[in-house]
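Let me begin by presenting the structure, written as structure tokens, before commenting on it.
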Amino acid sequence: MAENLLHHPITAREEILNLIPQKDPFVFVDTLFEYTALTGITGFKIPDDSLLLDGNKLSENGLIEHMAQSMSLHRGYQGALSGQSKPKTGFIGVIKTVEIFSLPRKGEKLRTYVEILHEIMNVTSVSARTENERGLVIATSEMKTVTVE
């Protein structure tokens with residue numbers, strides 16, 4: 001198993017915003033717990049005023065966006081380690097699979113595990129698994145993201 005290269009979780013909002021291309025109010029990650037070259041663990045506490053709420057729950061689109069931004073945060077930290085001054089922009093190219101088992105409520109804390117499956121040029125195939133604060137898997141996905149220079 002690869003070594004976690006983070007000495008402590010990154011939770012400072014300013015630092016998180018420097019690692020991802022997304023800007024407020026469209027930010028769906030707030031913590032980087034662990035980082036290895038091929039894996040990462042992110043967190044997100046769903047704010048009461050999130051743009052993608054459906055009633056008092058995060059919508060399916062919000063959950064998918066959180067998983068995609070989890071990958072973006074992993075990629076942003078990787079870039080910061082290699083000396084990039086700002087994160088590269090990326091987008092979801094293909095969603096291969098998404099399974100949503102339950103929607104989390106506002107105020108709930110999510111933990112998402114991302115893993116790079118393979119990478120060819122600027123296309124990355126990644127899997128994600130999101131758990132609620134009780135450790136239950138609420139969503140999984142596999143998608144291809146495209147990074148733009």
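Just so it is clear, none of the values below were taken in a lab; they were calculated from the coordinates. Small disclaimer: the values here were computed from a predicted structure and weren't measured. Cβ placement follows ideal geometry from the backbone for every residue including glycine, while neighbour counts extend to all protein chains displayed.
I'd like the Karplus ³J(HN,Hα) series for segment 133-149: coefficients 6.51, -1.76, 1.60, θ = phi - 60°, whole numbers in Hz, and an x wherever there's a Gly or Pro.
Values, residue by residue: 5, 8, x, 8, 5, 10, 7, 9, 7, 9, 9, 10, 10, 10, 9, 9, 5 Hz.
Taking springs between alpha-carbon atoms closer than 10 angstrom, which of Ser85, Ser72, Ser50 fluctuates most in the Gaussian network model of the chain?
Of Ser85, Ser72, Ser50, the most mobile in the Gaussian network model is Ser85.
Convex hull over the alpha-carbon atoms of the chain: what's its volume per residue in Å³? Walk me through the numbers before you get to the answer.
Details: hull volume 16.5 nm³, N = 149.
Taking only Cα atoms, the chain has a hull volume of 110 Å³ per residue.
Please check: in the Gaussian network model of the chain (C-alpha springs, under 10 Å), which one of Ala139, Ala68, Ala80 has the largest mean-square fluctuation.
Answer for the Gaussian network model of the chain: Ala80.
Using the beta-carbon distance between Glu133 and Met1 and R0 = 25 Å, what value does 1/(1 + (r/R0)^6) give for FRET efficiency, to the nearest 0.05?
Numbers: r = 24 Å, r/R0 = 0.98.
Taking R0 as 25 Å, the efficiency between Glu133 and Met1 is 0.55.
Compute the helix-to-body angle for 60-81: its Cα long axis versus the longest principal axis of the chain, expressed 0 to 90° and rounded to tens.
The angle comes out at about 30 degrees.
Once the piece of chain linking Lys109 and Ala37 is laid out straight, how much longer is it, given 0.36 nm per residue of separation minus the C-alpha distance between them? Please report the intermediate quantities before stating the final value.
Details: separation 72, 0.36 × 72 = 25.92 nm, distance 2.46 nm.
Gain on stretching Lys109 to Ala37: 23.5 nm.
Thr11 to Glu99: FRET efficiency via 1/(1 + (r/R0)^6), r the Cβ-Cβ distance, R0 35 Å, to the nearest 0.05?
Numbers: r = 29 Å, r/R0 = 0.81.
About 0.75, to the nearest 0.05.
With N residues in segment 1-85, what two-decimal value do you get for its Cα radius of gyration over 2.2 N^0.38 Å?
On the way: Rg = 13.1 Å, N = 85, 2.2 N^0.38 = 11.9 Å.
Segment 1-85 yields a ratio of 1.10.
By counting other Cβ atoms within 10 Å of each Cβ, how are Ser141, Ser125, Ser70, Ser102 ranked from fewest to most? Could the numbers behind the result be given before it?
Numbers: Ser141 24, Ser125 17, Ser70 29, Ser102 12.
Lowest count first: Ser102, Ser125, Ser141, Ser70.
What 222 nm value per residue comes from the helices of the chain, counting each DSSP H run with n ≥ 4 as -39,500 (n - 2.57) and dividing by all residues, nearest 500 deg cm²/dmol? Could the numbers behind the result be given before it?
Working: 2 runs with 29 residues, N = 149.
Counting only the DSSP helices, I get -6500 deg cm²/dmol.
Count of lysine pairs in the chain with Cα atoms under 19 Å apart, counting only pairs 8 or more residues apart in sequence or on different chains?
10
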